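The values are calculated or read from the model by the stated rules, or taken from the named source; none is laboratory data. The model shown is predicted, which means the values in this text are computed figures rather than measured ones. Don't worry about glycine lacking a Cβ; one is built from the backbone with ideal geometry, like all the others, and counts go over all protein chains shown.
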Amino acid sequence: MPKRLVVVAGNIGAGKTSLTERIGARLGWCTEYESVADNPYLPDFYADMHAWAFHLQIYFLGHRAEQYLTAVRDPRSAILDRSIYEDAYIFARALLHMGNMAERDYLAYRRLFDLVMGSLPSPNLLVYLKCPVDVLMERIRRRARNIETGISADYLSLLDSFYDEWLKAYDLSPVLTIRTDDLDFVHQPQALEIVVERIQEKLGGKEELDLRAGQVEYST
């Protein structure tokens with residue numbers, strides 16, 4: 001298979017990092033991950049979201065654009081943990097909706113985001129990990145990250161609704177939707193093989209309308 005660029009999208013706790021790690025190892029692909037531990041703005045953001053929301057989104061935009069270009073230039077196929085599109089269509093939108101980002105700052109951010117997007121090639125595939133909010137909350141509770149202690153079910157539900165709206169309009173690449181509450185690719189090797197097979201089929205241009213038995217759904 002020629003070089004491919006795959007981006008992984010999904011709500012907090014959906015399994016993006018776990019899938020990226022396993023697909024990268026299974027297929028020998030280049031992997032890129034979301035900046036959390038080394039993000040210089042996150043501590044300030046969680047202490048005062050309104051004051052630091054714009055700074056955080058600008059940092060993420062630059063960070064993800066750099067990752068994206070690195071993956072594009074690498075001769076290997078690549079898979080990226082969280083897509084650059086989610087920053088604008090999900091998280092920046094949520095910050096505006098909740099009053100943590102001023103409309104002036106949001107519009108300035110979106111102008112820059114649109115300019116950056118115009119210089120980046122489209123991915124070959126977007127893998128969207130879908131999971132019910134109650135399962136997400138339990139996963140977040142179990143991994144017990146300090147920066148995630150304030151995440152509520154209402155916030156995850158808001159993000160989930162934004163994901164639904166965004167994906168209805170998304171047309172940059174094919175989309176492979178995976179229900180991660182039903183398909184445990186972390187602990188079940190056969191489940192990971194199902195995901196690998198579906199990714200390879202989708203990248204190869206094969207279409208299937210409904211794969212309920214495999215817990216995977218396709219959309220375009």
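Just a few scattered comments:
- Residue within region 93-103 that is among the polar types (S, T, N, Q) and either within 16 Å of residue 34 (Cβ to Cβ) or modelled with pLDDT under 95 (or both) present: no
- Yes/no for residue 82 being of a type outside the set (Asp, Glu), out of contact with any Leu (no Cβ under 9 Å at 6 or more places or on another chain) and either surrounded by fewer than 18 Cβ atoms within 10 Å (Cβ to Cβ) or more than 25 Å from residue 167 (Cβ to Cβ) (or both): no
- Of the criteria (1) at pLDDT below 95; (2) surrounded by 12 or more Cβ atoms within 10 Å (Cβ to Cβ), which one residue 176 fails: (1)
- Lone unmet requirement of (1) under 27 Å from residue 40 (Cβ atoms); (2) out of contact with any Lys or Arg (no Cβ under 7 Å at 6 or more places or on another chain) for residue 162: (2)
- Candidate set: region 11-56, residues that are closer than 19 Å to residue 179 by Cβ and of a type in the set (Val, Ile, Thr); chosen: the one surrounded by the fewest Cβ atoms within 10 Å (Cβ to Cβ): 17
- From 135, 116, residue being surrounded by fewer than 20 Cβ atoms within 10 Å (Cβ to Cβ), touching an Asp or Glu at 6+ places or on another chain (Cβ under 7 Å) and assigned to a helix (DSSP H, G or I): 135
Condition check ((1) within 21 Å of residue 20 (Cβ to Cβ); (2) out of contact with any His (no Cβ under 8 Å at 6 or more places or on another chain); (3) in contact (Cβ under 8 Å) with a residue 24 or more places away in the chain) across all residues:
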position: 125; (1), (2), (3): yes, yes, yes
position: 133; (1), (2), (3): no, yes, yes
position: 149; (1), (2), (3): no, yes, no
position: 183; (1), (2), (3): yes, yes, yes
position: 192; (1), (2), (3): yes, yes, yes
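- Residue that is farthest from residue 107 (Cα to Cα) [pool: residues in region 41-89 that are assigned to a helix (DSSP H, G or I) and of a type in the set (S, T, N, Q)]: 70
- Candidate set from region 182-220 (those that are of a type in the set (Lys, Arg) and either surrounded by 10 or more Cβ atoms within 10 Å (Cβ to Cβ) or assigned to a loop (DSSP other than H, G, I, E, B) (or both)); member that is modelled with the lowest pLDDT: 206
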